[in-house]
Amino acid sequence: MKKHGFDLKKALFGKLNRKIIIMFAIVAIALTGISIYTSYNHSKVIVEETVMHYLETTADSRTNHVVTLLQAEKESVGQMAESIVIKRLLQAKTGESDFDQKLADVSERLENTVKVGEYVESILVLDKNGMIIASSNKEDIGTDKSGDPHFFEAKKEIFIKDAYFSSDRNSSGMDFSAPIFDNEGKFLGVVVERVSTKSLNQITTDRTGFGETGEVYIVNKYGYMITPSRFQKDTFLKQRVDTENAKNCFSTETTTEGYYTGYKPAAVSNGYRKVQVVGAWAYIPEMQWCLLAEIDKTQAFDPAIKQLGVFAVVMFAIMIFAAVLAGSLIAKSISKPVEQLQGAAEQMKKGNFDVMLDIKTGDELGKLGTAFNETAKSLGQVQKEHRQLERAKTEFLSITSHELRSPMTPMKAQLQMLKKSYFGKLNKKQTEAVDIVLRNTSRLDSIIMDFLEISRIEAARLKFRFVKTSLTGHIKRLADEMQGFLPEKNIEIVIKIAKMPVIKVDPDRVMQVLRNLINNAKKFSPKNSKIIVSAKLKGNRIQFNVKDQGSGIAKENKARVFEPFFQEEQTMYRKHTGTGLGLSICKGIVESQKGNIWVKSTLGKGSTFSFTLPLTPVKKTKPIKLLFSPPENIEKKPEK
């Protein structure tokens with residue numbers, strides 16, 4: 001995506017080290033994400049199972065305490081039923097002289113037992129008819145309890161009366177009753193121990209490790225709460241608990257070891273408060289009670305899961321950072337040698353084959369660096385030999401051109417003198433023969449002069465004579481001069497020149513280029529057509545254009561028009577004469593001055609040759625290869 005000049009793709013993937021880092025990051029994100037996601041889910045299950053196990057253990061432990069409490073109270077009331085003092089009282093008759101003393105002794109013992117017992121509220125002794133004959137609370141004596149379960153249910157064995165509320169005492173409690181028999185097994189009566197439910201409350205209200213929403217409570221066989229609620233007041237035998245956990249507890253009652261603990265991992269149910277809770281239960285068959293340990297789901301799982309989420313995010317960030325860091329180090333170990341290779345390749349592209357790499361990675365990159373050094377060394381040797389050949393070629397061309405031109409001047413002079421009858425009058429055939437020789441001698445001299453120009457350009461010995469002038473007048477004079485070239489075609493040269501600045505320039509060299517371009521335009525233009533010569537200032541350069549209405553240049557040949565010896569018509573017979581060096585010389589002159597030359601053409605629709613020259617002349621030129629040089633793209637945009 002590229003917007004407002006910013007290329008996002010290039011910014012992210014423009015360099016090898018970025019690609020490696022991003023790939024490492026992507027792989028790390030994928031693997032880390034999968035790993036953390038798996039670990040998170042696994043940890044979540046462990047958290048849920050840990051919470052549920054804690055609830056199960058708590059329910060198990062608290063149930064053991066309840067069972068122990070019941071057993072202790074049963075043993076206590078059982079011991080009380082074996083008391084000799086109580087048996088003697090029940091065997092005595094009301095009218096006997098020592099009855100009152102026996103009653104006093106029993107009452108004292110009952111009162112002392114109540115004082116010692118932490119949760120014992122009162123102790124009653126009932127005769128075989130269910131009448132209270134002794135009590136730790138004297139006000140109870142004489143009350144008929146024959147219809148109470150703690151009497152008739154306890155005639156044969158110890159009986160526990162379920163939790164109930166006593167309006168007389170304004171308290172809740174349980175009755176533990178045991179039968180009293182004489183030595184012969186005759187039923188004498190029942191001893192009843194009234195125990196406050198505070199003993200149960202102490203077991204259930206300990207909420208250590210239960211946070212702000214956890215609680216333990218006991219529900220009787222009718223589904224009513226008999227221990228306090230953490231969240232509601234006055235729930236004893238008033239708050240009905242008809243929840244999933246309570247139902248499960250009562251439906252799975254068992255006598256295994258006296259109680260049963262039901263547990264389902266991550267079980268979720270509606271609490272009696274109509275909120276989502278998780279919990280465990282334990283069944284107490286002796287009393288048909290259910291002990292439930294519950295905690296709100298939001299507190300049980302959410303904080304731990306939230307912490308797991310934070311931990312997962314932190315670990316994810318750490319893993320990504322570690323992956324990016326590792327990716328950076330690995331990318332650096334890879335990209336640094338690659339950057340060295342790239343830099344060295346750029347230097348080789350510029351012709352510097354002396355560059356050497358020092359890559360000691362011990363892997364394929366190291367081998368590539370060694371191979372690169374060997375290649376650079378070989379190319380350097382080839383370049384050295386090529387330069388020697390170039391110098392030899394240039395020198396050969398220059399010397400040969402000079403040597404060939406030396407005899408041309410006296411030859412032309414002698415031929416001209418011969419034609420003008422300095423050595424005797426010539427007949428018509430002789431004159432025509434001399435004209436042919438003279439024309440070919442002039443053509444040969446022109447070719448030799450072109451080779452000399454080529455050799456000067458390649459050897460950076462091309463002469464420039466810079467003067468301060470405006471090129472407007474020079475261009476107009478050239479146009480007038482070129483009107484006489486190929487007059488039979490009647491081609492009009494149109495001048496369109498903008499205001500030209502006065503600059504330091506070699507006007508002869510500029511006119512040499514324009515003359516050559518106009519000359520070519522006339523050669524390839526049809527009769528009665530126009531050639532438009534224009535010049536204008538563009539920034540810090542002057543751009544010249546020569547536009548014709550000629551035959552144009554084929555697309556496949558446009559890249560070769562500035563090659564030496566190339567002409568558009570490569571046939572056995574060429575309509576237009578020439579060596580094919582003119583455009584190459586133009587290219588050499590323009591580029592010697594840091595200018596550009598190019599052509600735009602469509603076959604059959606004419607051509608436009610353009611070149612630019614800087615306003616500041618280049619006094620120290622550099623060698624420019626023209627002969628045997630690779631073709632260049634001549635339609636490249638000129639420098640701004």
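Relative to the 2.2 N^0.38 Å rule of thumb, the chain has a C-alpha radius of gyration ratio of 2.35. Contact order, relative form, for the chain: 9 percent (alpha carbon pairs under 8 Å, 6 or more residues apart, mean separation divided by residue count). All Cα-Cα separations within region 437-479 were binned at 10 Å from zero, giving a P(r) of 23, 24, 40, 13, 0, each value a whole percent of the pairs. Taking the square roots of five times each eigenvalue of the Cα gyration tensor of region 415-548, the equivalent ellipsoid has semi-axes of 36, 21, 13 Å, listed largest first. Remark on G189: its backbone amide H falls under 5 Å from those of I180, a criterion applied only to residues 5 or more positions apart or on other chains, H modelled at 1.01 Å from N. Normalised per residue, the accessible area of the chain is 57 Å², obtained with a 1.4 Å probe and no contribution from ligands, DNA or RNA. Mind listing P(r) for region 62-135? All alpha-carbon pairs, 10 Å bins, whole percents. Values per bin, smallest distances first: 18, 46, 25, 9, 2, 0. Amide H contacts under 5 Å for W289: I284, restricted to partners 5 or more places along the chain or on a different chain, H placed in the peptide plane at 1.01 Å from N. Positive-end ranking of F611, N41, M287 along the dipole of the chain, with charges on Cβ about the Cα centre, is headed by F611.
S328 contributes about 40 Å² of solvent-accessible surface, heavy atoms of the protein only, 1.4 Å probe.
Checking the cross-link pairs K558/K625; K547/K619; K115/K238; K87/K156; K420/K489 against a 21 Å limit on the alpha carbon distance flags K547/K619; K115/K238; K420/K489 as lying beyond it.
The trypsin sites (Lys or Arg not before Pro) found in region 97-204 that occupy coil by DSSP, while having at most 16 further C-beta atoms within 10 Å, are K128, K155, K156, R169, K186. Computed per residue of the chain from DSSP H runs no shorter than four, each worth -39500 (n - 2.57), the mean residue ellipticity at 222 nm is -16000 deg cm²/dmol. Exceedance of the 31 Å cut-off in Cα-Cα distance is limited, within the set K468/K555; K463/K600; K476/K527; K496/K605; K428/K527; K350/K523, to K468/K555; K428/K527; K350/K523.
Accessible surface ranking for V502, V85, V114, 1.4 angstrom probe, highest first: V502, V85, V114.
The values are calculated or read from the model by the stated rules, or taken from the named source; none is laboratory data. Everything quoted here is computed from the prediction, not taken from an experiment. Using ideal geometry, Cβ is built from the backbone for each residue, glycine included, and neighbour counts are taken over all protein chains shown. The area values use the complete protein model at the heavy-atom level, side chains included, leaving out ligands, DNA and RNA. Shrake-Rupley method; radii C 1.70, N 1.55, O 1.52, S 1.80 Å.
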